[in-house]
1. Computed FRET efficiency, Cβ-Cβ of LEU46 and PHE84, R0 30 Å: what is it to the nearest 0.05?
2. Taking the Cα-to-Cβ direction at SER54 and at LEU9 and moving 7 Å from each Cα, how far apart do the two end points lie in nm?
3. When only DSSP loop residues count, what chymotrypsin sites (Phe, Trp or Tyr not before Pro) in the stretch 69-112 have their Cβ near at most 11 other Cβ atoms within 10 Å?
4. Excluding GLY72 itself, what net charge comes from residues whose Cβ is under 10 Å from its Cβ, given Lys and Arg +1 and Asp and Glu -1?
5. Between ASN8 and residues 5 or more places away or on another chain, which pairs have amide H atoms under 5 Å apart, with H built 1.01 Å from N, and which residues are they?
6. Given R₀ = 22 Å, FRET efficiency for LYS106-ASP64 by Cβ-Cβ distance, to 0.05?
7. Taking the Cα-to-Cβ direction at ASP77 and at GLU97 and moving 7 Å from each Cα, how far apart do the two end points lie in nm?
8. Roughly speaking, what is the stretch gain from ASN33 to LYS19, that is 0.36 nm per residue apart minus the C-alpha to C-alpha distance, in nm to one decimal?
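Coordinate-derived values only; no laboratory data. Keep in mind that this is a model prediction, so the values were computed, not measured. Here the Cβ positions follow ideal geometry from the backbone for every residue, glycine too, while neighbour counts run over all protein chains shown.
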Amino acid sequence: MKFSFAPNLVKGDWNGDGKIDYAVLIKKGRLKNSQGEVIGDPRFTLLFVKTKKSFKSFRFEGSDYIHLMKKGTKDYDYKTNKTFRYKNDTVFDGFWEKGGVSYVWKNGKFLKIVTSD
């Protein structure tokens, strides 16, 4: 399968400070029970925000892919039932044909907003 984007790595300016930040989706492998049956496929998404000397990381449960939502892009919040625009670049974390969330920077942390259903 070919993608027009990297489904496991994106970069942007999550907090609006003009510095490049990163996000990576990591798949740890399949978990198996004592009979060898697959019982889980653990994935997590790490968002990195540039600091003066390094990066600060934030960890979330992952999905199938991540994607960059650029500053100014219009989207929909399914919890509030309202349309909004991203104030900064944002990471979308999605499940193929099922739904997803966007991680929006606010007051020094990320808010998880359901933007696909």
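1. Working: r = 25 Å, r/R0 = 0.83.
The formula returns an efficiency of 0.75 here.
2. Placing both labels 7 Å beyond Cα along the Cβ direction yields 2.1 nm.
3. Sites meeting the loop and neighbour criteria: TRP96.
4. With Lys, Arg at +1 and Asp, Glu at -1, the neighbours total +4.
5. ILE66
6. Working: r = 25 Å, r/R0 = 1.15.
In this case the efficiency is close to 0.30.
7. Result: 3.1 nm between the two label points.
8. 0.7 nm
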